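Taking it in order: structure first as structure tokens, then the write-up.
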Amino acid sequence: MDNSITLISTVAIAFGVALILGFIAEKLKFPALVGYLVAGIIVSPNLYGFNVDLGLAEQLSELGVMLLMFGVGLNFSLSDLLKVKKLVVPGAVCQMALSAFCAIMMAHLWGWPIGQCVILGMCLSCASTVVVLKALEARSLLEGFDGRVAVGWLVVQDMVTVLMLVLLPPLASLLGGHSATSDLPLWRLIVETVARVAAFIILMLVIGKRVLPWLLWQVAKTGSRELFTLCVLAVAIGIAYGASEIFSVSFALGAFFAGMVMRESQYAHRAAVESLPLRDAFSVIFFVGVGMLFDPSAILEHPFYLLGILFLILIVNPLIAFGTVLLFRYPLHTAVTLACCLGQIGEFSFILGTLGVSLGLLTKEGMNLVLAAAILTIALNPISFSVARPVAELLCKHFRFARTAAARLDPQSTMPDEVESKKLLRHVVIVGYSSIGRKVCEILTKQKIPFVVVDKQDDVISTLRKQGLVAIQGDCTDPATLLQAHVQNSAQLVLTISDELESRKAIAAAKILNPDIEIIIRAVTDTEADHLRSENLGIVVQASTALALRIAQYSIYSFTKYSSGGHSKRKEEEAEEKAKDMLDDLVADEERTVEKSTQHERLMHSSNKPTDSMEK
């Protein structure tokens, strides 16, 4: 093919095959990341000889690394990290050190040189942030305490990995590799590297922290969406490139700090949203490019090496994290969740491995082992989450330490002792503190009606408790959480969440604890409202209907007021009274319509229901 369209052919083939295999991976309940890596293996010249340019693919992968690290920096929250710092900072550092030590010892037994052992240890000690975030989000764990611990742990891993990326080049000659400045003394290399990195960080935090938010503000004022997106990408790629050229800092570190500084802007969320499509696209190119480097024949030559690496990732790393969490006296479910998260490796392992190859510290054989292990562990990661609960139950059944850890509760998932008993009798339990739940709480507070808020987000619960409100962090479908909210003594359960399945599970659990409780359910759609009413689960409030009635009330009031021909106080009161009467008629008509629909559905249900004798 003509060299002038090599870029087009490379991108077209990479995206096309990645789309197909990513779709297949999602259908098979595997992360799409597995499909992208396999796509890279398939289009690689090593396998089927597709007409792709590895040099171009490598440069596109560098763009993917920049945008990937820019996204990590843009979503990096120091405040979230500080909330769980007592566990995640020492825990993650200890886990990475122990995991790397085990990998180094294993590689040393294979007879590998020390530099290759160290790089392998680094690659196997850090998990994939992308995979963990998607896994936690799919299981509704991201916003809870366990999710916050897992994300904080990964953030610390990312920070340590960034430090490794900075220190590896000057230390390469000491570890048996090569460096562009290897003729300089080691101490001078380290000092110069640290000085350049420090200068770059100071420049970004002092000047960039002021200039970048101002620049985004000026571009946002133009009202041009494409100009705003262009500004975000120019900042991300430009700073990464400039940091590499001026300060000799890696692309990854430059892009990370660009994202972290841009987070300070009020347009940070918009920047994340606008850049997301391109970040996703180039991250696909990155994973496909990594897959292109994979040579399957190297694995066949050393299958036991791969088994040893898989044992470290799937068994040793989770066990180290599990034991560390229990050592810090945190609950069993937190330890199990974190163990499941760390049973894989991903993007940072690829970045470290690629740097190791470029510095002569890791052979292609070692890189192939890392790639194979990443593909297999990412594919197997969903299985670890599916067996987490049975494993926890098995541990509790046979080991006393597990039962002790399972009995520990999160501080925010238990009812504080100082709450007065009268506030936990004939009270209202409100599930979900979104905009609707917040308004309900405000109204009940004004009416001096006692209530307890149940929400998954521990930062929400922390804020509510600081305000003097009674709140519990936990899953509303878990009977233990409902017991902490004293549902057994409550008068009402108000479900403001938008997940119908979750609402149904919460209702079932609440009915067991308190059969006489009155339940108010939020319905998102008319169809959902009809289904909930037909099953007589409680009082159903549909948002669009309530809003329509409120709009109708104001419209009737305004129309009546102005058609009455006057603006006196008496006439306004008459108009308002008339509007209320007309609104009552509208509400009555709506209730009759719903009741007819409900009766019709019950009649159809009973006509299709088998007779008692048939059921018996």
Any hit, the range 312-322, residues being modelled with pLDDT under 85, in the same structural domain as Leu56 (by the TED database) and in a helix (DSSP H, G or I): no
Going residue by residue through the range 291-303, is there one that turns out to be in a helix (DSSP H, G or I) and either under 23 Å from the mean Cα position of the chain (by Cα) or at pLDDT 85 or above (or both)? yes
Starting from the range 29-42, keep only residues that are in contact (Cβ under 8 Å) with a residue 40 or more places away in the chain, then list their pairs with residues that are surrounded by fewer than 23 Cβ atoms within 10 Å (Cβ to Cβ) and charged (D, E, K, R) whose Cβ atoms are within a distance under 7 Å, requiring at least 6 positions of separation or different chains. Pro31/Lys134
Inside the range 6-25, the number of residues satisfying the requirement of being more than 16 Å from Gly55 (Cα to Cα) and either in contact with a strand residue (DSSP E or B) (Cβ under 9 Å, 6 or more places away or on another chain) or not aliphatic (A, V, I, L, M) (or both) is 4
Of all residues in the range 466-475, how many are within 27 Å of the chain's Cα centre (by Cα) and modelled with pLDDT of 85 or more? 2
Out of the residues in the range 34-60 that are open to solvent by less than 10 Å² (accessible area, probe 1.4 Å) and modelled with pLDDT of 80 or more, which is farthest from Ala252 (Cα to Cα)? Val43
Among helices (runs of 4 or more DSSP H) entirely inside the range 57-135, those with 3 or more residues being hydroxyl-bearing (Ser, Thr, Tyr) are none
The number of residues in the range 259-272 that are in contact (Cβ under 8 Å) with a residue 60 or more places away in the chain and open to solvent by 50 Å² or more (accessible area, probe 1.4 Å) is 1
Kindly indicate whether any position in the range 220-229 is open to solvent by 20 Å² or more (accessible area, probe 1.4 Å) and closer than 30 Å to Gln116 by Cα. no
How many residues does the range 348-371 hold that are open to solvent by less than 10 Å² (accessible area, probe 1.4 Å) and within 26 Å of the chain's Cα centre (by Cα)? 7
Which of the residues spanning the range 8-45 are of a type in the set (A, V, I, L, M) and in contact with a Pro (Cβ under 8 Å, 6 or more places away or on another chain)? Ala25, Ile41
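Filter the range 201-227 for residues that are touching a residue at least 12 places away in the same chain (Cβ under 8 Å) and under 18 Å from Ala255 (Cβ atoms) and give the result.
Matches in the range 201-227: Ile201, Met204, Leu205, Gly208, Lys209, Leu212, Pro213, Leu215, Leu216.
Let's see how each residue does on (1) part of a helix (DSSP H, G or I); (2) free of Cβ contacts under 8 Å to residues at least 60 places away in the same chain; (3) open to solvent by 10 Å² or more (accessible area, probe 1.4 Å):
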{"position": "Ala234", "(1), (2), (3)": "yes, yes, yes"}
{"position": "Ile239", "(1), (2), (3)": "yes, yes, yes"}
{"position": "Ser244", "(1), (2), (3)": "yes, yes, yes"}
{"position": "Ala252", "(1), (2), (3)": "yes, no, no"}
{"position": "Phe257", "(1), (2), (3)": "yes, no, yes"}
{"position": "Glu274", "(1), (2), (3)": "yes, yes, yes"}
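The values are calculated or read from the model by the stated rules, or taken from the named source; none is laboratory data. What you see is a predicted model, and the numbers here were worked out from it, not measured in a lab. Quick reminder, even Gly has a Cβ in these numbers, built from the backbone with ideal geometry, and neighbours come from all protein chains shown. Heads up: the accessible areas ignore ligands, DNA and RNA and are worked out on the full protein's heavy atoms, side chains in. Shrake-Rupley method; radii C 1.70, N 1.55, O 1.52, S 1.80 Å.
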